[in-house]
There are 2 protein chains.
Amino acid sequence: MNTSQLSTQPTKGFRDFYPDEMAIRQWLFDHMKAAARSFGYQMYDGPLVEPVSLYEAKSSKELVEQQTFQLTDRGNRQVALRPEMTPSLARMIAQKQQQLGTPLRWFNIGPRFRYEAPQRGRAREFYQWDCDLIGPKTPEADAEIIAIACEFFNRIGLSADDVVIKVNNRKLLESKLSSAGFKSEQFSSLIPWIDRRDKLSREKWHTALKSEGISKKHIEELELLLSDTDVSYESEELTQLFSTLTDMGYADYVKYDPSIVRGLDYYTGTVFEAQDRQGKLRAVLGGGRYDNLVELFGAKPSSGIGFACGDMVIMELLKDTKKIPDLNTSPTQILITIFNESATRYALKTARMLRYAGIATELYPDPTTKLDKQLKYAHKTGIPLAIIAGPDEQAQNQVAVKNMKTKQQKTLSQKELIEYIKKHLTPRP
Amino acid sequence: MNTSQLSTQPTKGFRDFYPDEMAIRQWLFDHMKAAARSFGYQMYDGPLVEPVSLYEAKSSKELVEQQTFQLTDRGNRQVALRPEMTPSLARMIAQKQQQLGTPLRWFNIGPRFRYEAPQRGRAREFYQWDCDLIGPKTPEADAEIIAIACEFFNRIGLSADDVVIKVNNRKLLESKLSSAGFKSEQFSSLIPWIDRRDKLSREKWHTALKSEGISKKHIEELELLLSDTDVSYESEELTQLFSTLTDMGYADYVKYDPSIVRGLDYYTGTVFEAQDRQGKLRAVLGGGRYDNLVELFGAKPSSGIGFACGDMVIMELLKDTKKIPDLNTSPTQILITIFNESATRYALKTARMLRYAGIATELYPDPTTKLDKQLKYAHKTGIPLAIIAGPDEQAQNQVAVKNMKTKQQKTLSQKELIEYIKKHLTPRP
C-alpha cells in the first residue's frame with residue numbers, strides 16, 4: 001500500500017481528544033459523577049459490543065436498522081456497537097434480579113455509537129451519562145432523577161436562566177388525547193409526530209398527520225391540547241412531582257410542558273427533556289418512567305425512571321453561555337530543570353523527594369538541552385514553578401525556585417522547598 | 001423472534017461490570033492515573049474505531065489479520081475496533097506535530113478489542129493503560145517510563161517481592177547475536193521466537209528454529225547468550241538506565257534479563273516486561289523504545305518510549321497476592337428513611353440540607369415501604385448511617401440517627417447532625 005497516504009484524521013464522525021480537550025471531558029464527567037454520587041448512585045458498566053438481537057428487542061426500529069454499527073465477529077456472532085445503554089442495563093438487571101433487589105440507583109458514563117449525519121452537537125461516537133432508579137414507582141423517585149439533572153446543571157454553572165427541564169406525563173397526555181377523540185390504537189403512531197413537531201414547519205406537520213389519516217379538525221384539537229399549559233394539576237403524579245421538586249429546591253429549573261412526549265414507545269408516566277432557554281440547540285438530556293424493563297428476559301416486572309445526557313449538546317450550551325472553565329491541562333506543579341549531565345543525580349533525588357511529598361513533579365528528560373529551552377517548555381506546558389540547581393546550590397543542598405508567572409526567583413533549602421510549593425499549589429487535574 | 005430466548009449473558013469474551021466490580025475497576029484506574037500524574041503525564045484519548053489501514057500500517061500482521069473486530073460502516077469505510085493505542089497515538093501526534101512540540105508526556109486508559117480465546121487474565125474487550133514519553137532519547141526518559149510502572153505497583157500494594165520488571169536492550173541483543181554469528185537479516189524472524197521461548201518446550205523451540213534454517217550449533221549459542229545475565233554493563237544505555245532507576249529509588253523492582261525481547265518489530269533500544277515473581281501469569285505490562293512513530297504519516301522522525309498495561313493480568317496478580325481492597329460500592333453516607341407519607345417533606349428538607357453540606361445522601365424513595373425494610377436496604381447497601389424521623393422528632397426539629405454497624409441510636413438537632421456525620425465519615429467512592 002502507499003503508506004504516504006495514511007491519513008492523520010480520525011474516521012468521519014469520530015473524535016480525537018488531545019490533552020486540552022480531554023481535560024474538559026474529564027471535568028464534565030467528574031461533575032456528572034459527583035452529582036449522581038451526591039444522591040447515592042453507583043457506577044456500573046457493560047460491554048461496548050452487544051448482540052444485535054438485544055437491540056432488536058429493546059431499541060427502536062429506526063435506531064437498529066439505520067443507525068447501528070454492526071459486525072459479524074470471527075465466531076459468526078451478529079453484534080453491534082452499543083448505541084444506547086438501557087438494553088444493557090435491562091439485561092444486567094434481569095441476570096441478577098433476585099440478588100440485586102430494589103431500589104437500585106445506578107449510573108454509567110461511556111461511549112455510544114450511532115451512524116447519523118455529523119453536525120453541531122452530534123458525532124457518530126459520543127459519550128453519554130445514564131442515570132436510573134429502579135424499583136419504586138413514586139413521585140419521590142421521579143423527582144429524584146430530575147433533581148440529579150438539576151444538581152448537575154447547578155454544579156457546572158448552568159443556572160435556571162440557561163437551561164429548563166420541561167416535564168410532562170404520558171398518562172395525562174393519553175387522557176387528553178382520549179378526550180379530544182383520539183383512539184388508543186392511534187397513540188403509538190401519534191407520539192413520534194408530537195415529538196417531532198418543533199423540528200417541522202406547521203404545514204409539513206399537518207401534511208404528515210393527514211397522511212396518518214387524521215382529520216383537520218383532530219389536528220387542530222391536537223394543537224390546542226399541546227399548547228394548554230394549564231392542566232398539570234389534573235395529574236396527581238405531576239402535582240406531587242412538582243411539589244417534591246420544590247421542596248428539594250429545584251423549582252426554578254422545571255416547568256410543565258404538554259408538548260414534551262419523548263419519542264420512544266416504552267415510556268409510561270413522567271417524561272422530561274432539558275433544553276437551553278434560548279431554544280437554539282437540540283435536547284440537552286431526556287428521560288422518563290418505564291414499566292417494562294426486564295420482562296423480555298423472562299424476569300419479574302420492574303419499573304424504573306432514568307435519563308440519558310450526551311456529552312456534545314451540553315458542551316455547545318457551555319460554549320454558548322461562556323461557562324467552559326479555563327483548565328490546567330498539565331497536572332505538574334513543578335519542573336526540575338537539569339543544569340548539566342553531572343547535576344542529573346541531584347535533580348533525580350529532588351524529584352524523588354517531591355513526589356514522595358505528593359507533589360506532581362516533572363524532571364526535564366534530557367540533560368543536554370539548554371536551560372532556556374527547558375524553561376520555555378515549562379512556560380508552554382503551564383507548569384507554575386521551575387527549579388534550577390547549579391553547582392553552587394548543590395554544594396549547599398539548596399535549589400533556586402522560579403515562579404514562571406512572576407519570573408521571581410528564590411533560593412531555598414530542600415526542606416523549605418516543600419513548604420513553599422504546598423503554599424503555592426494550584427488545583428490541577 | 002422468540003424473545004423469551006433473549007440471553008441475559010454478555011457476548012462471549014465481553015464483561016459486565018456490576019457496581020462492586022466497577023468499584024474495583026475505578027480503584028485500579030485511579031491508581032494508574034495518580035501514578036502517571038505524579039510524573040506530570042497528561043490524559044488523552046482517541047476514537048474506539050479507526051480505519052483498518054491505520055492498523056495495517058502500524059500493527060503486527062497477526063494482530064490485524066487474526067484478532068481485529070472489523071466492520072464496514074454505512075458509508076463503506078473499512079474500520080476496526082481499536083486493538084491497541086499506539087497507532088492512534090502516532091496518528092494524533094503526526095496531525096499536530098509542530099504545534100505539540102516535545103517532550104510530550106501522555107497517557108490513556110480505555111477499551112481495546114482483540115478476538116482471542118478468552119482465558120484467565122484475557123478477554124476480547126479489555127482495558128489498557130498506555131503511557132508514552134515522546135521526544136527525548138535519553139536513559140533518563142527510559143528510566144522515567146519504567147519508574148511510573150514501579151510507582152503504580154507501589155501504590156496498589158504490589159511490592160518488589162510480588163512483581164519484577166525485566167529489562168533488556170535491543171541494541172545489546174543485536175550485538176550479541178552478531179557476535180554469535182547471526183546475520184542482521186535474520187534478526188526480525190528470530191525475535192518472535194526468542195519472545196515465545198518460555199511458552200514452548202525446549203524441544204518444540206529447537207524444532208521451530210530449525211525450520212527457520214538455523215543450525216543446531218547456532219541454536220545452542222543462542223541459548224547460551226539468552227542465559228548470560230552478566231553482560232548488561234556492556235551496554236552504556238542499560239548501565240545508565242539502572243543507575244538512574246537506583247537514584248529514583250526503584251532498584252528493587254528492576255532486573256536485567258537477556259531473554260526479554262518483546263515480540264514487536266518496532267522496538268529499537270530499551271525493552272521491558274513486568275512479571276509476577278511466581279512466574280504463574282503472562283506479562284503484567286510491557287513496553288520499550290521506538291524510533292519510527294510518525295514517519296508513515298510523512299511527519300518528522302520522532303522517538304519515544306512507552307508501555308501498555310492491561311487491566312486483567314494485574315487483577316489476577318492482585319487476587320493471587322490477596323491485595324484487592326475491600327471497597328465501598330455505595331457512595332452514600334446516610335440514608336434518610338421516610339416514616340410515612342406526611343413525613344416526606346421533612347425528610348426531603350433534611351436531605352437537601354445534608355447534600356448542601358457535601359454529604360452523599362439517599363432518601364428512601366417510597367414512603368409506603370415499612371421502616372424495617374428501609375433499614376434492611378441500608379444494611380444491604382453498606383450505608384453506614386440511617387435517619388429516622390417520626391412525628392415527635394419532627395415537632396422538635398430533631399432526627400434520630402442510627403449507626404447501622406453498632407445499632408446505636410442517638411437523637412440530634414439538625415445542626416448537630418452535620419457535625420455528627422462529618423465525624424463519622426468513611427471514605428467512599
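The values are calculated or read from the model by the stated rules, or taken from the named source; none is laboratory data. None of the values given here were measured: they were computed from a predicted structure. Here Cβ is always computed from backbone atoms with ideal geometry, including for glycine, and neighbour counts include all displayed protein chains. Heavy atoms of the whole protein, side chains included, go into the accessibility calculation; ligands, DNA and RNA do not. Shrake-Rupley method; radii C 1.70, N 1.55, O 1.52, S 1.80 Å.
Details
- Top-ranked residue of region B:111-138 - restricted to ones that are touching a strand residue (DSSP E or B) at 6+ places or on another chain (Cβ under 8 Å) and facing chain A (nearest Cβ under 9 Å), ranked as most open to solvent (accessible area, probe 1.4 Å): B:Lys137
- Looking at B:Ala94, B:Ala80, just one residue is among the hydrophobic types (A, V, I, L, M, F, W, C), over 20 Å from the mean Cα position of the chain (by Cα), part of a strand (DSSP E or B) and farther than 20 Å from A:Pro331 by Cα, and that residue is B:Ala80.
- Residues within region B:312-358 that are under 30 Å from the mean Cα position of the chain (by Cα), at pLDDT 95 or above and hydrophobic (A, V, I, L, M, F, W, C), tallied: 7
- Look at (1) more than 8 Å from every other protein chain (Cβ to nearest Cβ); (2) open to solvent by 40 Å² or more (accessible area, probe 1.4 Å); (3) over 23 Å from A:Phe17 (Cα atoms) and you find that B:Val64 fails only one, number (2).
- Of the criteria (1) closer than 16 Å to A:Gln128 by Cα; (2) surrounded by 16 or more Cβ atoms within 10 Å (Cβ to Cβ), which one A:Phe29 fails: (2)
- Only residues that are in contact (Cβ under 8 Å) with a residue 60 or more places away in the chain, more than 7 Å from chain A (Cβ to nearest Cβ) and surrounded by fewer than 20 Cβ atoms within 10 Å (Cβ to Cβ) were counted in region B:34-59, giving 1.
- Some residue of region B:29-51 being at pLDDT 95 or above, among the aliphatic types (A, V, I, L, M) and assigned to a loop (DSSP other than H, G, I, E, B): yes
- Considering the conditions (1) open to solvent by 10 Å² or more (accessible area, probe 1.4 Å); (2) part of a helix (DSSP H, G or I); (3) closer than 30 Å to B:Met32 by Cα; (4) among the aliphatic types (A, V, I, L, M), B:Leu318 is excluded by exactly one of them, (1).
- Qualifying residue in region B:168-188 (condition: within 24 Å of A:Arg355 (Cβ to Cβ) and either touching a residue at least 24 places away in the same chain (Cβ under 8 Å) or among the polar types (S, T, N, Q) (or both)): no
- For region B:72-105, the set of residues classified as open to solvent by 10 Å² or more (accessible area, probe 1.4 Å), facing chain A (nearest Cβ under 7 Å) and among the hydrophobic types (A, V, I, L, M, F, W, C) consists of B:Ala94 only.
- A:Val164 being touching a helix residue (DSSP H, G or I) at 6+ places or on another chain (Cβ under 8 Å), open to solvent by less than 20 Å² (accessible area, probe 1.4 Å) and either in a strand (DSSP E or B) or closer than 30 Å to B:Thr350 by Cβ (or both): yes
- Consider region A:232-270 and keep the residues that are more than 24 Å from the chain's Cα centre (by Cα), open to solvent by 20 Å² or more (accessible area, probe 1.4 Å) and within 12 Å of chain B (Cβ to nearest Cβ). The one that is farthest from B:Ser342 (Cα to Cα) is A:Thr246.
- So A:Phe182, is it within 11 Å of another protein chain (Cβ to nearest Cβ), open to solvent by less than 30 Å² (accessible area, probe 1.4 Å) and of a type in the set (Phe, Trp, Tyr): no
- If you filter region A:344-373 down to residues that are crowded, with 20+ Cβ neighbours inside 10 Å and under 21 Å from B:Gln98 (Cα atoms), you find that the one that is nearest to the other protein chains (Cβ to nearest Cβ) is A:Pro365.
- Verdict on B:Leu327 being surrounded by 14 or more Cβ atoms within 10 Å (Cβ to Cβ), in a loop (DSSP other than H, G, I, E, B) and out of contact with any Ser or Thr (no Cβ under 8 Å at 6 or more places or on another chain): yes
- Check on A:Ala347, in contact (Cβ under 8 Å) with a residue 24 or more places away in the chain and closer than 29 Å to A:Arg25 by Cβ: no
- Of residues in region B:374-409 being without any contact (Cβ under 8 Å) to a residue 12 or more places away in the chain and basic (Lys, Arg), the one most open to solvent (accessible area, probe 1.4 Å): B:Lys376
- Selection count, region A:271-307, where residues are open to solvent by 60 Å² or more (accessible area, probe 1.4 Å) and assigned to a strand (DSSP E or B): 1
- All of (1) outside any loop (DSSP other than H, G, I, E, B); (2) under 27 Å from A:Ala94 (Cα atoms); (3) touching a residue at least 40 places away in the same chain (Cβ under 8 Å) hold for A:Asp265 with one exception: (1).
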